[in-house]
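We did not get these values from a lab; they are worked out from the coordinates using the rules stated. As the structure is a computational prediction, the values presented were derived from the model and not from experiment. No Cβ is skipped: glycine too gets one built from the backbone with ideal geometry, and neighbour counts run over all protein chains shown.
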Amino acid sequence: MRPAIYRTYLGAHFYVRARFVPDVHIPESHPRHRSLVTRERMAQLTEEGLVSVTGLIAHGRGEAFDYLLGERTVPEAETAERAAAALLSLARRPVITVNGNAAALAARELGELSRACGATLEVNLFHREDRRMEKVCDFLERETGEKVLGRRQDGLLEGISSDRARCTKEGLLAADVVLIPLEDGDRAEAMVKAGKDVISIDLNPLSRTSRAATVAVVDELTRAVPNMTAQARGLVQRPEEARDILDRFDNRRNLEAILERICKGLTGQASTDTR
Ligand code: PTJ
């Protein structure tokens, strides 16, 4: 069994070389290097039980939307990231919920964000099993150096009949602002119904999660989180500015602008392709 190789590329952290996936050489010069290296890492962490098998499908869906957005942080995403940082910096009890995909992709970055805005990290899994819960909590604690909630789930989020309702009283249930990277629509809607301000990170601008969120960040997780951290570090010192940013932010309008950007991009691309 070969050990995981840990690398840093373009300021983000990656684990490469899946244990049971044949070795592949991904040249640095490959135009899709970053994406291919990330896939290797996701494959490895699926073998290790951290990422669920359907997590790989969710990852592929994210890649497709990212492709449509040009694999970059679009200006509307920057606006949402600033609004998200403002919301987190003003929060009394911010919580960041983390699932298998989010832990695999951006554990350290989420740890940095939690420190920047004083947020608690809580693991909430869609495919919940005690062993997997333990694994994701251990991984997140090792990578962030922070205490993580979730091993003992003593609370229930109202409006969800399945296991996904499980959470902690001290974390999610008591939170006023919740950051939900790569979350499904049911839980996002239930959190809004419970009176929480919800920040989503989801590359799909059409998802129920993005639509339900107070602030929907339509950007790739590993790009979005460091941007939000940098903004939050400044805004915690400037609450007036943070309130002003939130007053001017309109989630629906921002999502419409992103959809328009995708459509225009596709039309432009289509006309080039028919040359
Ligand atoms: O670890 P678990 O058991 O809690 O399961 C986690 C997944 C992600 C499998 C589960 O929450 C799930 O099924 O999520 P959905 O409903 O597929 O939603 C995931 C959303 O995240 C989709 O809209 C994707 O487009 C989006 N997404 C995937 N990868 C990224 C992403 N958004 C931002 N950055 C990404 N890297």
request  = Would you mind working out the magnitude of the charge dipole of segment 198-275 relative to its Cα centre, with +1 at each Lys and Arg C-beta and -1 at each Asp and Glu C-beta, to the nearest 20 Debye?
outcome  = 100 debye
task = Report the antiparallel proportion of the DSSP beta bridges in segment 75-259 as a percent, rounded to a multiple of 5.
result = 10 percent
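For SER35, SER29, what ranking results if the residue with the fewest other Cβ atoms within 10 Å of its Cβ goes first? Working shown, then result.
Values: SER35 15, SER29 6.
Fewest-to-most ranking of SER35, SER29: SER29, SER35.
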Gain in span if fully extended, SER162 to ASP176, counting 0.36 nm per residue against the direct Cα distance = 2.7 nm
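At 222 nm, what value in deg cm²/dmol follows for the chain if DSSP H runs of at least 4 each add -39500 (n - 2.57) and the sum is divided by all its residues, to the nearest 500? Don't jump to the answer; show the numbers that get you there.
Details: 10 runs with 142 residues, N = 275.
Result for the chain: -16500 deg cm²/dmol, rounded to the nearest 500.
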message = Need one number: nm distance between label points at LEU206 and THR54, each 7 Å from Cα along Cα→Cβ, rounded to one decimal.
response = 2.0 nm
inquiry  = Please rank SER162, SER52, fewest neighbouring Cβ atoms within 10 Å first, as an exposure proxy.
reply    = SER162, SER52
task = Calculate, axis by axis, the spread of Cα positions in segment 75-259 along the three principal axes, and write the results as whole Å, longest axis first.
result = 43, 32, 26
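Could you work out the relative contact order of the chain? I mean the mean sequence separation of Cα pairs under 8 Å and 6+ apart, divided by the number of residues, in percent.
Relative contact order here is 20 percent.
In which sequence would GLU220, GLU40 go, from the one with the fewest C-beta neighbours within 10 Å to the one with the most?
Working: GLU220 25, GLU40 20.
Least crowded to most crowded, the residues run GLU40, GLU220.
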request  = Considering the options PRO75, GLY268, GLY111, tell which one lies farthest towards the positive end of the dipole of the chain, charges being +1 on Lys and Arg and -1 on Asp and Glu at the Cβ, about the Cα centre.
outcome  = GLY111
request  = Find which of ASN124, PRO181, THR222 sits farthest along the positive direction of the dipole of segment 75-259, computed with +1 on the beta-carbon of Lys and Arg, -1 on that of Asp and Glu, about the Cα centre.
outcome  = ASN124
